[in-house]
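Only the coordinates and a few stated rules stand behind these numbers; no lab work does. Remember, it's a predicted structure, so these values are computed and weren't measured experimentally. With ideal geometry, Cβ positions are generated from the backbone for all residues, glycine too; neighbour counts draw on all protein chains shown.
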Amino acid sequence: MKVKISPGMISGTLRAPASKSSMQRVLAAALLHEGETAINNPGSSADDKAALNIIRSLGAEVEEGAVCRIRSGAALKKVSAPTTVHCGESGLSARMFAPIAALSENEIIITGEGSLLNRPMHFFDELFPQLAVSIRSNNGKLPLRIKGPLHPKDITVNGSLSSQFLTGLLFALGDAAVEPVIITVNDLKSKPYIDLTLELMKVFGYDISHEDHRQFFIRPKKDPGEKISYFVEGDWSGAAFLLVGAAVAGEIKISGLRLNSAQADKAIMQVLKECGTGINISEESIEIKKAGLQAFYFDATDSPDLFPPLAALAAYCKGVSVIKGISRLANKESNRAETLKDIFEKMGVSISLSGDEMSVHGGGIITGATVSPHRDHRIAMAATIAALGAEAPVLIEDAAVVNKSYPDFFTDMNTAGALIDIIES
């Protein structure tokens, strides 16, 4: 799908999409829960659908609707061998469900498609044998052939690549532990995502504490009751694009976001305040208004998904904005640092990369261009937001990639008055 974004202002009230980070985690918890889970405000992104298919493959009964109902009772024990689990292009699903699948005594194959096939999974080659799990990978990448059952024990892991592996381990060890075990983590990145995991796991009866995110103390799971109801909160990662869109080209009210959320990307509010955006917060919504924007500095090491909307914001800020943490971007759907540099420079915005920092030279003229998001959903959304104040239309190729995380993105932008035309479906 090709989409043309013409310059223009946006305004109105929108509701944040459901958090795919929360949705995928609650599906993992529902798979392991011996009972029924009712999921309110379920997500509908491609990654959410991949996670739903995964838990079906692993034995859960799924009833989709306005309330998504999951029924699972020791489902993994019933999985036949071999069973193939397809993760689409979801890195979280692959890395989270691999340890969960390792709870089964039967062989399970973890695979995916697109960019996910090239994302690193060597972590499991090193770790699983320590937990009595047999594994064969494709030179540290998908597909993985896993055969458990996993036996919990004290382990030490490297958290520098991603927190997603640790989320899966917390679920698996938390579910299987019959006596206390400890995970020691070196150099953990994206700590807020682990806080999100632990917050959700508590609802499902998991008994886990930590000491400064360096040691995680896992005790045997408590019985949370047969039926659990969970509400999926709004997604700060997707809403960040809407908030930045208002900051550079209009006025928007966003409902459905928790200010006390554990999501890492709520840090977008910190940056919007720093650069001078007009902000009004009420119990029902967050209102952002366009204002004179000044350059900012932000360390996005723990919130790397903010890089694309922050790059779009920086393009409109007077001066040079610096965003730290580009080392976290190499193994996303694209090499995001290089991809952002490529598309923004085509739109007349100079970006330089040095060490672990991206410098965006903002406040100049943003030009019309034809850009490719390199199969990266967040890049496509960033280009859309940047195009709102360009001097001429911007054509985005392969724009349907937004379905990975935010399938209603272009619909919501149109609702807010953005001038978006689908050139080729």
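A few comments on the model shown:
- Cβ-derived FRET efficiency at R0 25 Å, Glu338 paired with Asp187, nearest 0.05: 0.55
- Computed over the chain: relative contact order in percent, which uses C-alpha pairs under 8 Å that are six or more apart: 20
- Value of [θ]222 nm, deg cm²/dmol, for the chain, DSSP H segments ≥ 4, -39500 (n - 2.57) each, nearest 500: -9000 deg cm²/dmol
- Residue order, fewest to most surrounding Cβ atoms within 10 angstrom, among Ser209, Ser190: Ser209, Ser190
- Considering only beta bridges that DSSP places wholly inside the chain, some 65 percent are antiparallel.
- For the chain, the direction-averaged projected area of the alpha-carbon convex hull comes to 18.5 nm².
- Euclidean distance of C-alpha centroids, segment 191-210 and segment 35-82, integer Å: 20
- Crossing angle, helix 377-387 versus the chain [Cα axis fit, 0-90 degrees, rounded to tens]: 10
- Within segment 195-286, GluC sites (Glu not before Pro) in DSSP loop having at most 11 other beta-carbon neighbours inside 10 Å: Glu226, Glu283, Glu284
- Inter-label distance, Asn158 to Gln130: 1.2 nm, where each label sits 7 Å from its Cα along the C-beta direction.
- Sequence-distant aspartates and glutamates (8 or more away, or on other chains) whose Cα lies within less than 12 Å of Lys2: Glu397, Asp398, Asp421, Glu424
- Using alpha-carbon coordinates, inclination of helix 236-249 to the longest axis of the chain, degrees: 0
- Exposure proxy shown here: for Ile208, Ile182, the number of other Cβ atoms within 10 Å sets the order, fewest to most, as Ile182, Ile208.
- R0 of 35 Å, Cβ-Cβ distance Gln215-Ser327: FRET efficiency to nearest 0.05: 0.90
- Of His374, His122, His86, the sequence from fewest to most neighbouring Cβ atoms within 10 angstrom is His122, His86, His374.
- Helix 91-101 axis versus longest C-alpha principal axis of the chain: approximately 10°, rounded to the nearest ten.
- Normalising the average separation of contacting C-alpha pairs (under 8 angstrom, six or more residues apart) by the number of residues puts the relative contact order of segment 377-425 at 37 percent.
- Spatial separation of Cα centroids for segment 228-255 and segment 356-425, in angstrom: 16
- Computed over segment 20-219, the ratio Rg/Rh where both radii use C-alpha atoms and Rh is Kirkwood: 0.92
- Under 5 Å, built H, 5+ apart or other chain: amide partners of Val85: Ile109, Ile110, Thr111
- Shape category assigned to segment 128-207 from the gyration tensor of Cα positions, a/c cut at 1.5: oblate
- Relative contact order of segment 20-219, defined on C-alpha pairs under 8 angstrom at six or more residues apart (%): 17
- Here the average projected area of the convex hull drawn through the C-alpha atoms of segment 69-110 stands at 3.3 nm².
- Net dipole in debye of segment 338-424 [+1 Lys, Arg Cβ; -1 Asp, Glu Cβ; about Cα centre; nearest 20]: 60
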